[in-house]
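What follows is one structure encoded as structure tokens, with my remarks underneath.
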Amino acid sequence: MLLELLAASAFAAEDYYQKLAEGCQKKGSVSCCMSSVKRMKANGWKLAPKQGCPKKTTPDMLRCEDSYRWCVPEEPVKVPGIPKKRAIALAKKAIKGKVRYPPDTPILVEERGVLTVVTFKTVLKPGTLGADYHAQVTLDSKTGKVLKVLGSQD
């Protein structure tokens, strides 16, 4: 019985992604659309609902025309040198008065070896091309010193 349920579930998932792939044939950039289906299928992601992604997830898509949009989990990242909240506070201070971003901007903190990278993500509407982030601040994980700031100026 369990094996039959698993097989039915796998078939339903395969059918879901097949229908998305068929929808790509009607798009202007078929290759971009198919690449987004491939990435979604590989990770088991579903299309982002029209009302937005559920809590603890953030929207994502390929940065090309006609990509589908999906929701990815916001996984907590452990920063050994400085706590996540402190990293965000330091990054906000570094871009204050220099970069504008909406108050509900998703903020991601990643550990990259001895560096901590704080990214103020851009949420793009489907079919919109643009930057992945409003700002990205690289900090020294031990000291919290700002090493690099990428973003637009006011």
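Every number here is computed from the coordinates shown, using simple stated rules; none is lab data. Keep in mind it's a predicted model, so treat the numbers as computed, not measured. Here the Cβ is made from the backbone with ideal geometry for all residues, glycine too, and neighbour counts use every protein chain on show.
Here are a few things to note about the model shown:
- Exactly one residue out of Ser29, Ser67 is of a type in the set (Gly, Ala, Ser) and touching a helix residue (DSSP H, G or I) at 6+ places or on another chain (Cβ under 9 Å): that is Ser67.
- Of all positions in the range 128-142, at least one carries a residue that is over 25 Å from Gly44 (Cβ atoms), surrounded by 13 or more Cβ atoms within 10 Å (Cβ to Cβ) and touching a residue at least 60 places away in the same chain (Cβ under 8 Å).
- Scan of the range 91-115 for residues that are surrounded by 18 or more Cβ atoms within 10 Å (Cβ to Cβ) and more than 28 Å from Met40 (Cα to Cα), ordered by number: Ala91, Ala94, Ile95, Val99
- Exactly one residue out of Lys84, Lys148 is surrounded by fewer than 19 Cβ atoms within 10 Å (Cβ to Cβ), more than 19 Å from the chain's Cα centre (by Cα) and either of a type outside the set (Lys, Arg) or farther than 30 Å from Asp15 by Cβ (or both): that is Lys148.
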